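*Asks:* Right, I'll just put the structure down here and ask away after.
The values are calculated or read from the model by the stated rules, or taken from the named source; none is laboratory data. Computed from a predicted structure; not experimentally measured. All Cβ positions, glycine included, derive from the backbone under ideal geometry; neighbour counts span all protein chains shown.
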Amino acid sequence: MKYRAIFRIYGLIMANMLLIMGGQLAYLYLVGPITMDDGRPMTLPEIPFLGLLIIILITAGGLTTAAILQRKPAPIRYVSVNSKPYTRQVERNENSSENQQYRPTYPGQYSAKTGNLHYNKSEEKENLNWKDDAQLEKTITKKLGSFEKQELQLPNSGTIFFGFLMSLALGIAVLGERGPFLYLFPIAFLVAFSFPGLIWVSYIYSRTITSPEPQRLVLIALAWGMFSTLPASLLNDIGARLLDVNQNALLDDNVAFGRPEFILVSIVAPIVEELLKPIGLLFVMKRLRTPYEGVLYGVACGMGFAIIENMLYELFILIWHGSDAWTINAFLRGIGSTVLHAVGPAAVGYAVAYANQMERPMAKYVGLAYVFGIVMHGLWNSIATVVLQKWEYTAYALIVLMIVLCLAFIVKILEYGRKYANLELKVNDFDDLEEEATNSGH
């Protein structure tokens, strides 16, 4: 199926929702609920066997994620094996009972010609015309394709973007008409929060220079980005408690931000989130051969985070501010804050891969990339919260400018990544030519 990856991505979303619910309940169970400024605590509902429910949610989410991302074994290849080790063992143990216990790699079927139960099929005359291993491997790969790699099964970015716009139109229509059409809204909601992130993953993946990256590893980076929203929310909550943040200011646009709220959204949250998102690169570190791969996997980590954050924010907006606010918020988050979450991890991925390829000090480049992601994230949060409350039109202009800068950065860093991928390809071609010339005696 051409678009099979979408179903796996939605499976990862459901699994991470279970993990987030279990993790949040466990955190509130241990730390306690938040107390509002008016003295009213945000108490948890009375849930019987809460500890058991937490264990079930976390276990179910973890097992579902592992099942989706598991490494699938390659199909069995019935090829000839080298019979020399078997022959040497027969010669050494000709009169030994150990010879009867030896089982070759290729089990085969019973042969009436030799009388052996297990045998090497290539030993029989006029059987199959087996080729040498290297040529046989090329033949199998040419006919069946590689079992090691699988291209990402996503629609192209243009198709995904069109689906995103149609989801907004469908959402406006069904929320306006109500009635039985309202049952179509979950489809619009599902597409609206997830497709903006998939647009960038598909766009960058389609710019592959050499061989395509395995789908499983891209999904691992996406899955980590989704999961990182859990520790990010917990650490942000700890920061809010330490700073004594007014929770009403975070929940109500009519309550002005103070210094603690400004520090939380503009400093603490960017530091926490930009630190957690690129950790997913550790799971694919061996694949970061060129800056292009660094950008691809970095963006995948950021887009996983953006998908879950979009879902939570849009659900909150729909419940607290109504359908009109949901439509505007879904559009702005889709074209704005989504690409913002790609900037920091993409910069870190580029820095890691660039340092590896050019043999430069990794700590220096990764540190600069991390600081760059924090600055961009902090500016965005400041404009979208503090500036928007005081100077509305100025904030909108600055948000548009930030979106343009984020888009330009992603496109430019991808261009540089592809340039270095071409450089590695040319170097490899030169090495192959040099080796061929050496072997030919020139």
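*Asks:* With respect to the numbered conditions (1) buried (at least 19 other Cβ atoms within 10 Å of the Cβ); (2) touching a residue at least 40 places away in the same chain (Cβ under 8 Å); (3) over 15 Å from Ile413 (Cβ atoms), which one is the sole condition not fulfilled by Asn356?
*Replies:* (1)
Here is a yes/no grid of residues against (1) among the aliphatic types (A, V, I, L, M); (2) surrounded by fewer than 19 Cβ atoms within 10 Å (Cβ to Cβ); (3) more than 18 Å from the chain's Cα centre (by Cα):
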residue	(1), (2), (3)
Val201	yes, no, no
Leu217	yes, no, no
Ala223	yes, no, no
Ile238	yes, yes, yes
Leu243	yes, yes, yes
Arg259	no, yes, yes
Leu264	yes, no, yes
Ala269	yes, no, yes
Val295	yes, no, no
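*Asks:* Identify, from the list Val284, Val348, Val343, the residue that is assigned to a helix (DSSP H, G or I) and out of contact with any Gly (no Cβ under 7 Å at 6 or more places or on another chain).
*Replies:* Values: Val348 fails: out of contact with any Gly (no Cβ under 7 Å at 6 or more places or on another chain); Val343 fails: out of contact with any Gly (no Cβ under 7 Å at 6 or more places or on another chain).
Going through Val284, Val348, Val343 in turn, just one is assigned to a helix (DSSP H, G or I) and out of contact with any Gly (no Cβ under 7 Å at 6 or more places or on another chain): Val284.
*Asks:* Does at least one position in segment 336-344 carry a residue that is among the aliphatic types (A, V, I, L, M), over 30 Å from Arg178 (Cβ atoms) and over 16 Å from the mean Cα position of the chain (by Cα)? If you could, list the steps in order and put the result at the bottom.
*Replies:* Filtering segment 336-344 down to residues among the aliphatic types (A, V, I, L, M) leaves 339-340, 342-343.
Going one step further and asking which of them are over 30 Å from Arg178 (Cβ atoms), we end up with 339-340, 342-343.
Next, only the ones that are over 16 Å from the mean Cα position of the chain (by Cα) stay: none.
No, that holds for no residue.
*Asks:* Quick check, is Val343 touching a His at 6+ places or on another chain (Cβ under 9 Å) and under 23 Å from Leu401 (Cα atoms)?
*Replies:* Working: touching a His at 6+ places or on another chain (Cβ under 9 Å): yes; under 23 Å from Leu401 (Cα atoms): yes.
Yes; evaluated as a whole, the condition is true for this residue.
*Asks:* Here is a follow-up. Would you check which residues across segment 177-198 are without any contact (Cβ under 8 Å) to a residue 60 or more places away in the chain and either not in a helix (DSSP H, G or I) or not charged (D, E, K, R) (or both) and list them?
*Replies:* Step one: filter segment 177-198 for residues without any contact (Cβ under 8 Å) to a residue 60 or more places away in the chain, giving 177-188, 191.
Once the filter is applied, which keeps residues that are without any contact (Cβ under 8 Å) to a residue 60 or more places away in the chain and either not in a helix (DSSP H, G or I) or not charged (D, E, K, R) (or both), segment 177-198 yields Arg178, Gly179, Pro180, Phe181, Leu182, Tyr183, Leu184, Phe185, Pro186, Ile187, Ala188, Val191.
Rundown of residues vs (1) free of Cβ contacts under 8 Å to residues at least 60 places away in the same chain; (2) over 16 Å from Pro278 (Cβ atoms); (3) in a helix (DSSP H, G or I); (4) out of contact with any Pro (no Cβ under 8 Å at 6 or more places or on another chain), yes/no style:
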| position | (1), (2), (3), (4) |
| --- | --- |
| Leu368 | yes, no, yes, yes |
| Ser382 | no, yes, yes, yes |
| Thr385 | no, yes, yes, yes |
| Ala395 | yes, yes, yes, yes |
| Ile399 | no, yes, yes, yes |
| Ile403 | no, yes, yes, yes |
| Leu407 | no, yes, yes, yes |
| Val411 | yes, yes, yes, yes |
| Arg418 | no, yes, yes, yes |
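*Asks:* Restricted to segment 265-323, and to residues that are of a type in the set (Val, Ile, Thr) and free of Cβ contacts under 8 Å to residues at least 40 places away in the same chain, which residue is nearest to Gly417 (Cα to Cα)?
*Replies:* Residues of segment 265-323 of a type in the set (Val, Ile, Thr): 265, 267-268, 271-272, 279, 284, 290, 295, 299, 307-308, 317, 319.
Next, from what is left, pick out any that are free of Cβ contacts under 8 Å to residues at least 40 places away in the same chain: 268, 317, 319.
On the way: Val268: 30, Ile317: 37, Ile319: 42 Å.
Among residues in segment 265-323 that are of a type in the set (Val, Ile, Thr) and free of Cβ contacts under 8 Å to residues at least 40 places away in the same chain, the one nearest to Gly417 (Cα to Cα) is Val268.
*Asks:* List every residue pair whose Cβ atoms sit under 7 Å apart, with the two residues 6 or more apart in sequence or on different chains, where the first one lies in segment 206-231 and is in contact (Cβ under 8 Å) with a residue 40 or more places away in the chain and among the hydrophobic types (A, V, I, L, M, F, W, C) and the second, anywhere, is in a loop (DSSP other than H, G, I, E, B) and surrounded by fewer than 24 Cβ atoms within 10 Å (Cβ to Cβ).
*Replies:* What qualifies is Val218/Leu152.
*Asks:* Considering only residues that are within 18 Å of Gly32 (Cβ to Cβ) and either out of contact with any helix residue (DSSP H, G or I) (no Cβ under 9 Å at 6 or more places or on another chain) or outside any helix (DSSP H, G or I) (or both), look in segment 45-67 and name the one that is modelled with the lowest pLDDT.
*Replies:* Pro45
*Asks:* Among the residues of segment 335-345, are any exposed (fewer than 14 other Cβ atoms within 10 Å of the Cβ), farther than 26 Å from Met166 by Cα and not basic (Lys, Arg)?
*Replies:* In the first step, residues of segment 335-345 are kept if they are exposed (fewer than 14 other Cβ atoms within 10 Å of the Cβ); the result is none.
No, segment 335-345 contains no residue that is exposed (fewer than 14 other Cβ atoms within 10 Å of the Cβ), farther than 26 Å from Met166 by Cα and not basic (Lys, Arg).
*Asks:* Could we say that Ser167 is under 22 Å from Ile68 (Cα atoms) and either crowded, with 21+ Cβ neighbours inside 10 Å or modelled with pLDDT of 90 or more (or both) here? Working first, answer last.
*Replies:* Values: under 22 Å from Ile68 (Cα atoms): no; either crowded, with 21+ Cβ neighbours inside 10 Å or modelled with pLDDT of 90 or more (or both): yes.
The answer is no for Ser167.
*Asks:* Another question about this same structure. Going by what's in this entry, would Phe331 be described as modelled with pLDDT of 85 or more, assigned to a helix (DSSP H, G or I), surrounded by fewer than 22 Cβ atoms within 10 Å (Cβ to Cβ) and aromatic (Phe, Trp, Tyr)?
*Replies:* Details: modelled with pLDDT of 85 or more: yes; assigned to a helix (DSSP H, G or I): yes; surrounded by fewer than 22 Cβ atoms within 10 Å (Cβ to Cβ): yes; aromatic (Phe, Trp, Tyr): yes.
It is true that Phe331 is modelled with pLDDT of 85 or more, assigned to a helix (DSSP H, G or I), surrounded by fewer than 22 Cβ atoms within 10 Å (Cβ to Cβ) and aromatic (Phe, Trp, Tyr).
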